[in-house]
Amino acid sequence: MKNVSPPQINAGSMADIAFLLLVFFLVVTTIDADAGMFRKLASMDEVESQKIHERNILNVWVNKEDKIMIDGKEVELFQVYDIATNFIENPKNDVLLPQKEWKTIPVLGEREVSKQVISIQNDESTSYGQYIAVQNELARAYNHLRDQLSEQEFQMTFEELKKTGAIEKANAIKTIYPMRISEALPIVSTN
Amino acid sequence: MASKFKKDDGKGDPAISTASLPDIVFMLLFFFMVTTVMREVDLKVNVVVPSATEIQKFKNKSLVTYIYIGSPTEKKLGTSSRIQLGDAYAEVKDVGAYIETRRGEHDEAEVPLLVTAFKVDRETKMGIVTEVKQELRKVSALKISYSTVEGLASN
C-alpha cells in the first residue's frame, strides 16, 4: 500500500486571524491601571459637631477662587505640606498644636499619640482639581511622617513595610499617625 | 567594467519565511490580554482626572463602582457638569438607587468592601461632588476613592 501523507494545511491566514484577535482586544480594553486616593466619609449617624479642642484641629479652607486658608491665614499650596507636617507631628510640644497622649501600641510599646484632626472645607465653586491638590498635600504630610517613623524603627519605608507583609508593624505606625482628614460640609453662609 | 555590476539574473531574493509571524502576533495578543482590562462604559462626559502623588492602586476592580462627573461630550447639552452612572446621564438623587442596585449584584459579604470611585474632571466645581458625597452618606456607602493619575499635582 502506498504511504499517502496528509495534505498540508495552509497556515498563511493564521497571522491574519491572530491580528484580528489582537485588534479586537486593543479596541475593547484599556490599559490604565486605576488608582486613586482612598478616603472614608463620615457616616450620617456621627454627630456633626463632635467636641474637639481647638488646638487639635487644623482648619483648611479652599475658597471659590481656589485660594487656601489655614487657621485664618492665607497660604500657598506649597506651604500646606510643611504646615500640616508640623501640625501632625508637633515636634516641640507647642501648646497651640495638638495634644498628645500616651498609648500602648503593639510592637512599638508606649508612645505619644497626637490627637490631631485635619478638617478640609470647600466652597461650592472650588475647583475639583484644587481640592484634590490640597488633599494630596495633606496625604503627603501623613505619608512623610509615617515613612520617617518607619525608617527609624524598621529601617524601611512605610510602603516597603506594607509590601513585605509586616501588617502588625504597618498598623502600629498607622496608630501613631492616623490619617484623620475630615471632609466637612461646605459652609453655608447664614446671614 | 560592465561585468562588475551584474544584472539581475532573474532568480530574485529568497522568500522570507513568515511561518513565525503568527507566533509573534499571538505573543502580542497575550501581552495585551494580560495587561489590559475591559472598558467599563462609554464615556458620555469629558473627564480629565487630576494628577496626584499620594495614590494607591485598586486591589479588586470588581468591587469598584464608578461615578463620572464632567461636562457632557455632546455639545448641545451645554457645558454644565453632568453625572454619569453606568451608561447614562443621571441626577444627584439617582446616586443612592444606583449604589443599591450595584450592591444587589454582589454577595452580602462583599457589600462592606465596595468602593465608590469618583472620576471627576479637574475643572468641575466641588458643589456637585459634595452633593453626590451627601447621597453616598445617606446610603452609607462610605468608602470612596478620588480617581487620579500619577504625577505632580496640577493647579
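The values are calculated or read from the model by the stated rules, or taken from the named source; none is laboratory data. Just so it is clear, the model here is predicted, and its values are computed rather than measured. So basically every Cβ, Gly included, is an ideal-geometry build from the backbone, and we count neighbours across all protein chains shown.
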### Task
Determine the pairs where a residue that is of a type in the set (D, E, K, R), located within the range A:66-91, has a partner that is assigned to a helix (DSSP H, G or I) with Cβ atoms under 7 Å apart, the partner being 6 or more residues away or on another chain.
A:Asp66/A:Gln130; A:Glu89/A:Leu145
### Contacts under 6 angstrom Cβ, first residue in the range A:170-191 being at pLDDT 85 or above, partner assigned to a loop (DSSP other than H, G, I, E, B), 6 or more apart
A:Ala172/A:Pro106; A:Ala172/A:Val107; A:Ala172/A:Leu108
### Task
Filter the range A:124-164 down to residues that are outside any helix (DSSP H, G or I) and under 20 Å from A:Ile181 (Cα atoms) and give me whichever is farthest from the other protein chains (Cβ to nearest Cβ).
A:Ser127
## Note on the structure
Filter the range B:114-151 for residues that are closer than 14 Å to B:Val49 by Cβ and not in a strand (DSSP E or B); the one that is farthest from the other protein chains (Cβ to nearest Cβ) is B:Gly151
### Message
Can you tell me how many residues within the range B:89-107 are farther than 19 Å from B:Lys61 by Cβ, outside any helix (DSSP H, G or I) and out of contact with any strand residue (DSSP E or B) (no Cβ under 9 Å at 6 or more places or on another chain)?
### Response
1
### Message
Suppose the filter is surrounded by 17 or more Cβ atoms within 10 Å (Cβ to Cβ) and either within 8 Å of chain B (Cβ to nearest Cβ) or farther than 30 Å from B:Thr35 by Cβ (or both); does A:Leu22 pass it?
### Response
yes
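Could you please find all residues in the range B:46-88 being assigned to a helix (DSSP H, G or I) and either under 13 Å from the mean Cα position of the chain (by Cα) or among the hydroxyl-bearing types (Ser, Thr, Tyr) (or both)?
Matches in the range B:46-88: B:Lys61, B:Ser62.
Does the range B:106-119 contain at least one residue that is of a type in the set (A, V, I, L, M) and closer than 20 Å to A:Val134 by Cβ?
Checking the range B:106-119: at least one residue is of a type in the set (A, V, I, L, M) and closer than 20 Å to A:Val134 by Cβ.
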### Residues (among the aliphatic types (A, V, I, L, M), touching a strand residue (DSSP E or B) at 6+ places or on another chain (Cβ under 9 Å) and either loosely packed, with under 15 Cβ neighbours inside 10 Å or in a helix (DSSP H, G or I) (or both)) located in the range A:80-123
A:Val80, A:Ile83, A:Ala84, A:Ile88
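B:Met27 - would you say it is over 22 Å from B:Leu142 (Cα atoms), modelled with pLDDT of 85 or more and not hydroxyl-bearing (Ser, Thr, Tyr)?
Considered against the rule, which asks whether it is over 22 Å from B:Leu142 (Cα atoms), modelled with pLDDT of 85 or more and not hydroxyl-bearing (Ser, Thr, Tyr), B:Met27 comes out as yes.
Against the definition (out of contact with any strand residue (DSSP E or B) (no Cβ under 8 Å at 6 or more places or on another chain), aliphatic (A, V, I, L, M), modelled with pLDDT of 85 or more and surrounded by 16 or more Cβ atoms within 10 Å (Cβ to Cβ)), how does A:Ala133 come out, yes or no?
no
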### Task
Consider only pairs whose beta carbons are under 8 Å apart and that are at least six residues apart or on different chains; among these, list those whose first residue lies in the range B:13-26 and is under 18 Å from A:Phe19 (Cβ atoms) and whose second residue is of a type in the set (Phe, Trp, Tyr) and in a helix (DSSP H, G or I).
B:Val25/A:Phe19
### Summary
Subset of the range A:47-65, residues without any contact (Cβ under 8 Å) to a residue 60 or more places away in the chain and either touching a Gly at 6+ places or on another chain (Cβ under 6 Å) or surrounded by 12 or more Cβ atoms within 10 Å (Cβ to Cβ) (or both), comes to A:Arg55
### Summary
The residue from A:Gln121, A:Gln152 that alone is touching an Asp or Glu at 6+ places or on another chain (Cβ under 9 Å) and at pLDDT 85 or above is A:Gln121
### Test: B:Glu91 is closer than 19 Å to A:Asn122 by Cα and more than 17 Å from the chain's Cα centre (by Cα)
no
## Note on the structure
Over the range B:49-85, the set of residues facing chain A (nearest Cβ under 10 Å) and touching a helix residue (DSSP H, G or I) at 6+ places or on another chain (Cβ under 9 Å) is B:Val49, B:Pro50, B:Ser51, B:Ala52, B:Thr53, B:Glu54, B:Ile55, B:Ile69, B:Ser81
### Query
If you scan the range A:7-19, which residues turn out to be part of a loop (DSSP other than H, G, I, E, B) and either surrounded by 10 or more Cβ atoms within 10 Å (Cβ to Cβ) or among the small types (Gly, Ala, Ser) (or both)?
A:Ala11, A:Gly12, A:Ser13
